[in-house]
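Comments concern the structure below.
The values are calculated or read from the model by the stated rules, or taken from the named source; none is laboratory data. Please read all numbers here as calculations on a predicted model, not as lab measurements. Here the Cβ positions follow ideal geometry from the backbone for every residue, glycine too, while neighbour counts run over all protein chains shown.
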Amino acid sequence: MSILIEAEPAPLAAERAATALVIIDMQRDFLLPGGFGEALGNDVSRLAAAIGPCRAVLAAARAAGLLVIHTREGHRPDLTDCPPAKWERGPPGRRIGDPGPMGRILVRGEPGHDIVPELVPAPGEVVLDKPGKGAFCETDLDLILRNRGIRTLLVCGVTTEVCVNTTVREANDRGYRCVVLADCCGSYFPEFHATGLAMIKAQGGAGGGIFGWVADSAAAVRALA
Ligand code: C5J
């Protein structure tokens with residue numbers, strides 16, 4: 001069955017069975033008051049605003065039988081998968097693996113590493129732990145998508161300019177069509193959110209933007225109904 005997603009710079013037609021929902025890093029530590037993101041001085045409400053729209057799209061995707069993939073950025077407890085160049089960029093005392101307000105910062109199994117309660121993965125949905133910003137880097141995401149015949153990704157999550165943008169660029173180079181849902185994404189920096197979305201749909205024509213398409217949760221819900 002075909003679906004039509006109203007998007008910019010142009011509408012996109014896709015096969016429903018070849019479409020997946022990818023929700024990137026909606027983790028407590030990035031989104032919740034009292035988490036690591038807020039401890040660094042960020043206004044987490046800018047990210048939390050994406051929870052409601054993500055929830056609506058997640059419900060629509062589940063009802064439509066889409067493959068749903070949730071990613072989490074984080075590392076093994078012994079940090080053997082954390083590149084020193086990533087670790088040393090953290091401020092002393094707030095580095096990956098240090099004790100944070102919701103457990104060890106960006107460490108798998110810690111409360112802050114897990115997904116916010118509103119978006120908890122359902123049984124059978126893929127939970128993909130990734131050590132980097134991009135969801136394809138050192139993971140089996142491409143294998144999973146190819147095995148399921150997926151060609152189009154509906155992309156949600158945080159942050160717009162970091163893990164969402166990196167993943168969309170990786171996906172684009174691997175031949176996937178990416179539709180980023182603007183109100184399902186967020187950044188601590190509003191100008192980066194706007195620019196991150198503008199970059200994806202830039203240089204657009206009838207065939208899409210340079211990296212993909214931008215739509216919103218309402219358009220995705222309508223397309224999946
Ligand atoms: C994500 C980050 N998820 N900003 N991570 O974007 O460090």
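Listed values, structure above:
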| item | result |
| --- | --- |
| Cross-chain or 6+ apart pairs with Cβ under 7 Å, segment 165-184 first and more than 19 Å from residue 143 (Cβ to Cβ) and modelled with pLDDT of 95 or more, then among the charged types (D, E, K, R) and more than 15 Å from the ligand (Cβ to nearest atom) | 181/216; 182/216; 183/216 |
| Residue ranges of strands (runs of 3 or more DSSP E) in segment 1-120 with at least 3 members among the β-branched types (Val, Ile, Thr) | 19-24, 67-73 |
| Condition check for residue 43: in contact (Cβ under 8 Å) with a residue 24 or more places away in the chain, among the acidic types (Asp, Glu) and in contact with a Cys (Cβ under 7 Å, 6 or more places away or on another chain) | no |
| Some residue of segment 166-176 being in contact with a strand residue (DSSP E or B) (Cβ under 7 Å, 6 or more places away or on another chain) and surrounded by fewer than 20 Cβ atoms within 10 Å (Cβ to Cβ) | yes |
| Verdict on residue 195 being surrounded by 20 or more Cβ atoms within 10 Å (Cβ to Cβ), under 22 Å from residue 31 (Cα atoms) and not aromatic (Phe, Trp, Tyr) | no |
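Okay, residues lined up against (1) within 20 Å of the chain's Cα centre (by Cα); (2) at negative phi; (3) touching a residue at least 40 places away in the same chain (Cβ under 8 Å):
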{"residue": "84", "(1), (2), (3)": "no, yes, no"}
{"residue": "89", "(1), (2), (3)": "no, yes, no"}
{"residue": "94", "(1), (2), (3)": "no, yes, yes"}
{"residue": "102", "(1), (2), (3)": "no, yes, yes"}
{"residue": "115", "(1), (2), (3)": "yes, yes, yes"}
{"residue": "127", "(1), (2), (3)": "yes, yes, yes"}
{"residue": "131", "(1), (2), (3)": "yes, yes, yes"}
{"residue": "154", "(1), (2), (3)": "yes, yes, yes"}
